[in-house]
Amino acid sequence: MTKEIAKRKLPSFIRWILWVLLVQFVLINISASFYAYRITHFYDDPSLFVYKPASNIFSKTWKLFTGPKQAKSVVIETPSFPYETVALRTANGIPIEAWYCKTDSTEKGTLILFHGITSHKDILLDEANEFRYWGYNVMLVDFRGHGNSGGNTTTIGVRESEEVKLAYDYVSQKSQKKVFLYGSSLGAVVVAKAIADYQLQPAGIILEMPFESMQSYLKDRARTLGFPQQPFGFLATFWISIEKGFNGFKHQTASYASKIYCPVLMQWGAMDEFVLKHETETVYQAIASTNKKLVIYENAQHESFLRHDQEKWRMEVGNFLRRAQ
């Protein structure tokens, strides 16, 4: 008799488990869709730069469920050397602001510099100063949704390659000298993608801390937020793809690197918690060029290597540019 009752109860118990799993699956996807939106959107709200702890457990839970809002980055410093503000425009009308600065010495070429995500062009003024001192013109660009450029969204590098093409074409018209591309973090990924997308032929490129893919970037974000890397990375990539209208799973830096044949200097910090060692090795090994070098800063995090170790950065970058001349 007891066995017969247990048999009758088992199907309802299984149905209960399945309902719980279904509700969890729906909630996880709703949360992932919120995060996908928040990660790719910026708000013109300076108060977001100030950390505000949740006032109660309900607001804290809601914030954790939907993800934090991100303030649009603000340019706070301008070059100390003469420069002109350049207004570029994407095919769909997004205004892109850049600074073009000529060297004070004999011109050797031009470096175009691209910043990381949630950053802005003035973060690279120290590097720009070094390049100008060495005899290079420099151009610093704000990606869409960043700094003084238009828009309030990012595609985490999928569509920003257009900004690289716009800047490259502008510089090519200004000077017949060699053009080099420099990218930090997101900027490095976008530089690699632009070369693959538009068959650009720079004299050389410097890639610092590129992440391996959109999914790896989101997994890294999850890790720093204290979330399980999967399924967050997969689901957030899926929802960004749905919301933005592209396949984020194909956004892979190694795929772009396989189409790079110019000289490459790639740099990474061994203490980087956002871009891991295996990501760096995957991207570096995929670079098609035989003229490439990977430099590791043993005690550096996800930061400016020039400010971390000025002597080493000057030696490695300076030697790279001299060899590429």
Subset tally (residues that are in contact with a helix residue (DSSP H, G or I) (Cβ under 8 Å, 6 or more places away or on another chain) and within 25 Å of A71 (Cα to Cα)) for segment 98-118: 7
Residue count, segment 137-154 (criterion: of a type in the set (V, I, T) and surrounded by fewer than 22 Cβ atoms within 10 Å (Cβ to Cβ)): 1
Residue match in segment 159-171 (condition: more than 19 Å from the chain's Cα centre (by Cα) and either more than 22 Å from K259 (Cβ to Cβ) or without any contact (Cβ under 8 Å) to a residue 40 or more places away in the chain (or both)): yes
In segment 29-50, the residues that are at pLDDT 65 or above, open to solvent by less than 90 Å² (accessible area, probe 1.4 Å) and over 20 Å from K244 (Cβ atoms): D45, S47
Scope segment 184-205; condition within 16 Å of F320 (Cα to Cα) and surrounded by fewer than 24 Cβ atoms within 10 Å (Cβ to Cβ); matching residues: A203, G204
Subset tally (residues that are touching a residue at least 60 places away in the same chain (Cβ under 8 Å), in contact with a Ser or Thr (Cβ under 9 Å, 6 or more places away or on another chain) and not hydrophobic (A, V, I, L, M, F, W, C)) for segment 120-137: 3
Where S241 falls short, out of the listed (1) in contact with a strand residue (DSSP E or B) (Cβ under 7 Å, 6 or more places away or on another chain); (2) buried (at least 17 other Cβ atoms within 10 Å of the Cβ); (3) of a type in the set (G, A, S): (1)
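Hey, any hits in segment 125-136 for a residue that's open to solvent by less than 40 Å² (accessible area, probe 1.4 Å), closer than 17 Å to L88 by Cβ and either part of a helix (DSSP H, G or I) or not charged (D, E, K, R) (or both)?
First, the residues of segment 125-136 that are open to solvent by less than 40 Å² (accessible area, probe 1.4 Å): 125, 127-128, 130-132, 135-136.
Filter once more, so that each one left must be closer than 17 Å to L88 by Cβ: none.
No; the residues of segment 125-136 include none that is open to solvent by less than 40 Å² (accessible area, probe 1.4 Å), closer than 17 Å to L88 by Cβ and either part of a helix (DSSP H, G or I) or not charged (D, E, K, R) (or both).
Based on what the data block shows, is M271 part of a helix (DSSP H, G or I), open to solvent by 80 Å² or more (accessible area, probe 1.4 Å) and of a type outside the set (D, E, K, R)?
Numbers: part of a helix (DSSP H, G or I): no; open to solvent by 80 Å² or more (accessible area, probe 1.4 Å): yes; of a type outside the set (D, E, K, R): yes.
In short, no.
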Close pairs from segment 272-287: first more than 16 Å from K193 (Cβ to Cβ), partner in a loop (DSSP other than H, G, I, E, B) and among the β-branched types (V, I, T), Cβ under 8 Å, at least 6 apart: none
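The values are calculated or read from the model by the stated rules, or taken from the named source; none is laboratory data. Because the structure is a prediction, the values reported are computed rather than measured. All Cβ positions, glycine included, derive from the backbone under ideal geometry; neighbour counts span all protein chains shown. Only protein heavy atoms, including side chains, enter the accessible area calculation; ligands, DNA and RNA are left aside. Shrake-Rupley method; radii C 1.70, N 1.55, O 1.52, S 1.80 Å.
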